[in-house]
Amino acid sequence: MLTMRQKTAAAGLLAAVAFSVTGCSSDSGGGSANDKIKGAGSEESASASPSASASASAAAEKNAPTFAFPADVKATVERDTSGDAVKDAVLRDVAYSAQANIEAFALGRNQSANLNRYFSGSAYTYWAKQVGDFKKDGLTLTGEYRYYDFKVTDLANGKSAAVSYCEDQSKAFSKEIKTKKVLRTSPSDNSYVLYTLQASKDSAGDWQVTRQSWKKGDPSCVRT
């Protein structure tokens, strides 16, 4: 039987896989990560056996990351090109960050190579801790996460950018690691999440998410 902490963690993850430029959402269904969040776990062992195949979309990109999702976890990205090379690079790496986040939760690795590559600052600190806590609560993920409607809303000197995108969690669930029980919930408008974030280009040329916030049930993301 799940403890109250486990139930809270399970609900919290599905409600929050994101951050923002402002670092704080005023909406009661939103969330945020900022510099006040401290600490991170150090668990590195996987909670499920990853599938051998890498992400098909990642394989098509130069110097792309390889994602080792468990066989029962899928992260689908729907991303169009903008025609602007810098904006396309930003959107590509932000999409990778979303996949890196799900991979870290699914495998229970809060210091994964992809999480380190595509997150930094308060965003990295926050998610590393959340991944560690989620695993400690005996939980992992299952199902499909879908990402779409990627937009660069601001771009400064080719070094920092503001971005938004949507996530569909209607077919994604938490799962108990020990019993393999899937904690199913009924899809609703809150299954759709709008993420807004700030990203910066690092010395290696990757765009990293530094701050992020989210809003559940935003009309611009809801699919019927």
Distance in Å, no decimals, from the C-alpha centre of region 79-145 to the one of region 174-224 is 9
Counting only protein heavy atoms and leaving out ligands, DNA and RNA, the solvent-accessible surface of SER122 at a 1.4 Å probe, in Å² to the nearest 10, equals 10
Counting only protein heavy atoms and rolling a 1.4 Å probe, one gets per residue an accessible area for region 81-224 in Å² of 40
XL table LYS62/LYS171; LYS171/LYS216; LYS171/LYS201; Cα-Cα > 22 Å flagged, in table order, is LYS62/LYS171; LYS171/LYS201
Gyration tensor on Cα atoms of region 139-224, a ≥ b ≥ c root eigenvalues, a/c under 1.5 rounded, else prolate if a/b beats b/c, else oblate, says oblate
Everything considered on the Cα gyration tensor (a ≥ b ≥ c; rounded for a/c under 1.5, else prolate if a/b is larger than b/c, else oblate), region 109-183 must be described as oblate
Counting only DSSP loop positions in region 168-217, the trypsin sites (Lys or Arg not before Pro) whose Cβ has at most 14 other Cβ atoms within 10 Å are LYS178, LYS180, LYS181, ARG184
Taking only the alpha-carbon positions of region 156-202 as identical scatterers, the Debye log10 I(q)/I(0) at q = 0.18 Å⁻¹ comes out as -0.70
Counting only DSSP loop positions in region 63-150, the GluC sites (Glu not before Pro) whose Cβ has at most 16 other Cβ atoms within 10 Å are GLU78
Where a ≥ b ≥ c are root eigenvalues of the Cα gyration tensor, a/c under 1.5 meaning rounded, otherwise prolate if a/b exceeds b/c and oblate otherwise, region 66-219 counts as prolate
Using a 1.4 Å probe on heavy atoms of the protein chains only, the accessible area for SER120 in Å², nearest 10, reads 30
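The values are calculated or read from the model by the stated rules, or taken from the named source; none is laboratory data. Everything numeric here is computed off the predicted structure, so don't read it as measured data. All Cβ positions, glycine included, derive from the backbone under ideal geometry; neighbour counts span all protein chains shown. Ligands, DNA and RNA are excluded from the accessible area calculation, which covers all protein heavy atoms including side chains. Shrake-Rupley method; radii C 1.70, N 1.55, O 1.52, S 1.80 Å.
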